[in-house]
């Protein structure tokens, strides 16, 4: 999904010279619709199926998307050159690329909006209730199916925003999708499924680990340490660092 | 022993199996090199799928990291051959041993700490990715720039060193697949097989029947890992080049499980049928696309994806069970 | 009669909640011992403690003279304790005969021998004709009997039955009572059962223990126990009269 968004951003930029950051919202909106529809049509019949069956389904969808992109855009990397691509700011002794700064700010904005939504908006609370207790949510009259589709759409929208942000920094290739999916997985499970502060903490932890490992060992081996952390977390705290204890 | 393996197998099922085997044995006589190449590919994925199926299909533990054992098998034997000239049949026991050890470590950690379901799957991914990046940095096996076996135009088939023409490779992989099939059949009928299925269906209930579930899950992962390693040996000597990026990649693991998932998880014929359908059809598709001049690298994978999607949605148990009913191949009463 | 199972002073807490509190009782050999009590009294927890699903916080469980508390469920089963689950859990994807064969393999490692043994047991529980059916496709009464058959296949000295009659129609209940009684008299099997259906308990049990809020409040012959004021007040109240 992320690569879809990244390609969308690239295409929009290449065709119309639209800034990816400005396009963040429309792209997120479009992906929301795609995610919503996909959940209702493809995934909803699978809610009651065993976990591995659902997992295979997602794998199938991912394979189709990634390789369709490969067919359409070819295997070469594509990039965006924004007008401020070569600007940089000096923050005290640090020099920061303008693109990275803008991208970082945008990411923080999206994350806080999401956090606020789940904490305060009634809809956000309803979604959390569904995740907590499926039957309970049904009993108090929530339209669980719609909420599932909604949260899937929301997830897709966030990924869309993330994709639009990251094209500023990274060139796009189709296999990037699975790589980011894996990274997201590692982060979320390390931090704790269903915990937003956990995801944040996981992100920082994994990011720091990779950076440190890249500094002290060789940069190409940095992901090894991320996976090592994942293994340790799975073994000793399978619910994640910030996750609630599983019953 | 043989009598026991045949116990309860319907006679016409046996005849059918013998017929399929006969066709496969005779295939090189009338198949050209291209068809042979595809048959090798099919049998290779049938073999690897069969090995994966022991862990997931029989014992219910979803592994998404089987590329790890393929890669270990490939790298161990290839490195021994390249550096010391040690033949693959000598290297294979060591490769199997190393795979088994890795499987045992992963299994011990996962099952001792009670990591199950999707978390187990993620753990297996983590281990195989960890190893992939690790191999990128082992210069002895070529690191990320790859390990190559010397290639020459072999006119003679040297079965001891696994150097030769496609026909030889074909018979090697056919033999491996046949042996794997018989082993799986035997396992499924044994006490271990019953216990695995019980664990797959309901672990707490299995425990209440006196089954040491930890021990039997360990047996499953160890056998599965050990059986996967020869697939890697074959891979190394057939393709002659190894890159960590390719051999250990997660897509490799997914490819291994596609056959059994499409054919039918937990069935004996599932991995074989799935491999034939998937590889056969996708090669046919590629041929077709090449003929109409549409050569696109992703088409095959999109096809994989669509196949997987359709089967998972329409036939959650794979396509073998309905075929089995059609052919009346369910097990008969031992008494009759 | 010598004691087969001896439970002394066991307790189990779940994060502050006292599910079983200092319970002691003795099940003599070849008895039919019933544990009754209102919902949430700790009956199933008590079963899980005996079967090894949990280890008790305090106290001891002795079976055939050996301590079994703290052992794993499979070890407890191997010592000779078979059990059923309150919410039946046969292996749904396996046939009825394979379900029972899995149990029989514990004492008969050869699959063919285990299968013969399974057929024998299925015959005794009126399930032989359905041996080829998938367990997941059976009706509830059949599944309950399959669960008993599977536990029997492990050839236990003590059988723990967790509400095997709950949800059954009266005729089915009578059938189950008949089976339990037959197992007890013909095979000499000791049975410990949890039950809600009072009619069944009264007709089949030789001894009854009443649990309330995790504690044992009465124990004795069924007719005597139902007359105790504490029992009537806490549990039987309206129903018993």
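The values are calculated or read from the model by the stated rules, or taken from the named source; none is laboratory data. This is a predicted model, so every value here is computed, not measured. Cβ placement follows ideal geometry from the backbone for every residue including glycine, while neighbour counts extend to all protein chains displayed.
Annotations
- Those residues of the range C:83-98 which are at the interface with chain B (Cβ under 8 Å from one of its Cβ atoms) and farther than 12 Å from residue C:145 by Cα, in sequence order: C:83, C:91, C:92, C:93, C:94, C:98
- Unique match (being in contact (Cβ under 8 Å) with a residue 12 or more places away in the chain, assigned to a helix (DSSP H, G or I) and either more than 27 Å from residue B:60 (Cα to Cα) or touching a helix residue (DSSP H, G or I) at 6+ places or on another chain (Cβ under 6 Å) (or both)) among B:182, B:151, B:172: B:172
- The single condition among (1) closer than 19 Å to residue B:209 by Cα; (2) part of a loop (DSSP other than H, G, I, E, B); (3) at pLDDT below 90 that residue C:53 does not satisfy is (3).
- Condition met for residue B:234 (modelled with pLDDT under 95 and either within 14 Å of chain C (Cβ to nearest Cβ) or under 14 Å from the mean Cα position of the chain (by Cα) (or both)): yes
- Residue identified as in a helix (DSSP H, G or I) and either touching a strand residue (DSSP E or B) at 6+ places or on another chain (Cβ under 8 Å) or buried (at least 24 other Cβ atoms within 10 Å of the Cβ) (or both) among B:251, B:285, B:289, B:278: B:278
- Qualifying residue in the range C:158-167 (condition: buried (at least 18 other Cβ atoms within 10 Å of the Cβ), out of contact with any helix residue (DSSP H, G or I) (no Cβ under 8 Å at 6 or more places or on another chain) and either within 14 Å of chain B (Cβ to nearest Cβ) or over 22 Å from residue C:42 (Cα atoms) (or both)): yes
- Taking the criterion of being exposed (fewer than 15 other Cβ atoms within 10 Å of the Cβ) and part of a helix (DSSP H, G or I), the only residue of the range C:138-157 that qualifies is C:140.
- Selection within the range B:102-115 - farther than 11 Å from residue A:234 by Cβ and without any contact (Cβ under 8 Å) to a residue 60 or more places away in the chain: B:105
- Taken together, the residues in the range B:203-212 that are at negative phi and within 7 Å of chain C (Cβ to nearest Cβ) amount to 6.
- Selected residue [surrounded by fewer than 19 Cβ atoms within 10 Å (Cβ to Cβ) and touching a strand residue (DSSP E or B) at 6+ places or on another chain (Cβ under 7 Å)] from B:25, B:82: B:82
- Residue in the range C:119-137 that is in contact with a helix residue (DSSP H, G or I) (Cβ under 6 Å, 6 or more places away or on another chain), surrounded by fewer than 17 Cβ atoms within 10 Å (Cβ to Cβ) and not in a helix (DSSP H, G or I) present: yes
- Flag for residue C:59 being free of Cβ contacts under 8 Å to residues at least 12 places away in the same chain, more than 15 Å from the chain's Cα centre (by Cα), over 23 Å from residue C:163 (Cβ atoms) and more than 14 Å from every other protein chain (Cβ to nearest Cβ): no
- Contacts under 8 angstrom Cβ, first residue in the range C:219-241 being part of a helix (DSSP H, G or I), partner modelled with pLDDT under 80, 6 or more apart: C:225/C:231; C:232/C:226; C:232/C:240; C:236/C:198; C:236/C:226
- Residue ranges of helices (runs of 4 or more DSSP H) in the range A:106-217 with at least 3 members modelled with pLDDT under 75, surrounded by fewer than 19 Cβ atoms within 10 Å (Cβ to Cβ) and not assigned by TED's automatic domain parsing to the domain that holds residue A:25: A:176-191, A:196-216
- Per-region count, the range C:105-118, residues in a helix (DSSP H, G or I) and either within 8 Å of chain B (Cβ to nearest Cβ) or touching a strand residue (DSSP E or B) at 6+ places or on another chain (Cβ under 7 Å) (or both): 4
- Residue check, residue C:84 in contact (Cβ under 8 Å) with a residue 24 or more places away in the chain, surrounded by fewer than 20 Cβ atoms within 10 Å (Cβ to Cβ) and in contact with a strand residue (DSSP E or B) (Cβ under 9 Å, 6 or more places away or on another chain): no
To keep it simple, each residue is scored yes or no on (1) more than 19 Å from residue B:65 (Cβ to Cβ); (2) more than 14 Å from chain A (Cβ to nearest Cβ); (3) modelled with pLDDT of 90 or more.
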{"residue": "B:117", "(1), (2), (3)": "no, no, no"}
{"residue": "B:144", "(1), (2), (3)": "yes, no, no"}
{"residue": "B:147", "(1), (2), (3)": "yes, yes, no"}
{"residue": "B:154", "(1), (2), (3)": "yes, yes, no"}
{"residue": "B:178", "(1), (2), (3)": "yes, yes, yes"}
{"residue": "B:182", "(1), (2), (3)": "yes, yes, yes"}
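- Inter-residue pairs, beta-carbon under 6 Å, first over 19 Å from residue A:140 (Cβ atoms) and in the range A:101-125, second assigned to a helix (DSSP H, G or I), 6+ apart: A:103/A:165; A:106/A:165; A:107/A:165; A:110/A:161; A:115/A:196; A:117/A:124
- The range B:185-202, subset free of Cβ contacts under 8 Å to residues at least 24 places away in the same chain and in contact with a helix residue (DSSP H, G or I) (Cβ under 9 Å, 6 or more places away or on another chain), residue farthest from residue C:153 (Cα to Cα): B:190
- Residue satisfying all of: in the range C:182-200; in contact with a strand residue (DSSP E or B) (Cβ under 8 Å, 6 or more places away or on another chain) and outside any strand (DSSP E or B); nearest to residue C:85 (Cα to Cα) among these: C:195
- A single entry from B:265, B:222, B:261, B:311 fulfils the requirement of being under 19 Å from residue B:58 (Cα atoms), part of a helix (DSSP H, G or I), within 14 Å of another protein chain (Cβ to nearest Cβ) and modelled with pLDDT of 80 or more: B:261.
- Scanning the range C:201-218 for residues that are without any contact (Cβ under 8 Å) to a residue 40 or more places away in the chain and part of a helix (DSSP H, G or I) yields C:202, C:203.
- Yes/no for residue B:80 being in a helix (DSSP H, G or I) and within 14 Å of chain A (Cβ to nearest Cβ): no
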